[in-house]
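Chemist: Sharing a structure here in structure tokens format.
The values are calculated or read from the model by the stated rules, or taken from the named source; none is laboratory data. Keep in mind that what you see is a predicted model, and the values were worked out from it rather than measured. Quick reminder, even Gly has a Cβ in these numbers, built from the backbone with ideal geometry, and neighbours come from all protein chains shown.
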């Protein structure tokens, strides 16, 4: 069935339908059909693991409320047990003492797993350019989608989730672990030189 997305009355968002599942099931003998069927099931059964620490977590609450209602997109079962989740949404500032906890929770999540970084603080450290704040969660865990804003609106996170569903629908080698390749995305705690924000603050780069 089709649903009208929030903030865009003219647009239509395709939701999982029984007809779509039947069509995929009938073509299971076709090459690549098994991958399509598994990806279809995975993208419509995302279980978010919220890691909210600041004001972005309030916007995440708005995302799961009846106004926006992410359950329409197959992401209704918000769980606080990482062993049941496959989508981590980091919403808020991550300090250095909290970084090992974030990494441990990520390691405990079920594969395949994905990460959405929500807000400026989790993306780049936000306004807190200090030694005690992690300057981007991609220094310790791989990130699939970054949502800009301070804080971003719930609709922006829904858009990132819809884009993630498109990515999941195109994945291949569904029975192989992707973590070996995802680790290459992690910048590391020392990163690769100064971040763009640090360069701007120290006068080595012009702001956009």
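Chemist: Might you check whether a residue that is farther than 20 Å from residue 186 by Cβ, surrounded by fewer than 22 Cβ atoms within 10 Å (Cβ to Cβ), free of Cβ contacts under 8 Å to residues at least 12 places away in the same chain and over 14 Å from the mean Cα position of the chain (by Cα) occurs anywhere in the range 96-116? Walk me through it before giving the result.
Modeler: Filtering the range 96-116 for residues farther than 20 Å from residue 186 by Cβ gives none.
The answer is no; no qualifying residue exists.
Chemist: In the range 74-88, what residues are out of contact with any strand residue (DSSP E or B) (no Cβ under 6 Å at 6 or more places or on another chain), closer than 19 Å to residue 168 by Cβ and either at pLDDT below 80 or part of a loop (DSSP other than H, G, I, E, B) (or both)? If you could, list the steps in order and put the result at the bottom.
Modeler: So in the range 74-88, the residues out of contact with any strand residue (DSSP E or B) (no Cβ under 6 Å at 6 or more places or on another chain) come out as 74, 76-77, 79-81, 83-84, 86.
Going one step further and asking which of them are closer than 19 Å to residue 168 by Cβ, we end up with 74, 76-77, 79, 84, 86.
Answer for the range 74-88, where residues must be out of contact with any strand residue (DSSP E or B) (no Cβ under 6 Å at 6 or more places or on another chain), closer than 19 Å to residue 168 by Cβ and either at pLDDT below 80 or part of a loop (DSSP other than H, G, I, E, B) (or both): 74, 76, 77, 79, 86.
Chemist: Looking at the range 54-73, which of its residues are in contact with a strand residue (DSSP E or B) (Cβ under 7 Å, 6 or more places away or on another chain) and surrounded by fewer than 18 Cβ atoms within 10 Å (Cβ to Cβ)?
Modeler: Scanning the range 54-73 gives a single hit, 72.
Chemist: Ok, one more. Can you tell me how many residues within the range 54-73 are assigned to a helix (DSSP H, G or I) and either touching a residue at least 60 places away in the same chain (Cβ under 8 Å) or in contact with a helix residue (DSSP H, G or I) (Cβ under 9 Å, 6 or more places away or on another chain) (or both)?
Modeler: The number of residues fulfilling the criteria is 13.
Chemist: Are any residues in the range 150-170 out of contact with any helix residue (DSSP H, G or I) (no Cβ under 6 Å at 6 or more places or on another chain), surrounded by fewer than 18 Cβ atoms within 10 Å (Cβ to Cβ) and not in a helix (DSSP H, G or I), and if so, which ones?
Modeler: Within the range 150-170, 153, 170 meet the criteria.
Chemist: If you don't mind, another one. Mind counting the residues in the range 126-135 that are modelled with pLDDT of 90 or more and at positive phi?
Modeler: Total meeting the criteria: 0.
Chemist: Restricting to the range 117-148, and then to whatever is part of a loop (DSSP other than H, G, I, E, B) and free of Cβ contacts under 8 Å to residues at least 40 places away in the same chain, can you tell me which residue is surrounded by the most Cβ atoms within 10 Å (Cβ to Cβ)?
Modeler: So the residue we want is 126.
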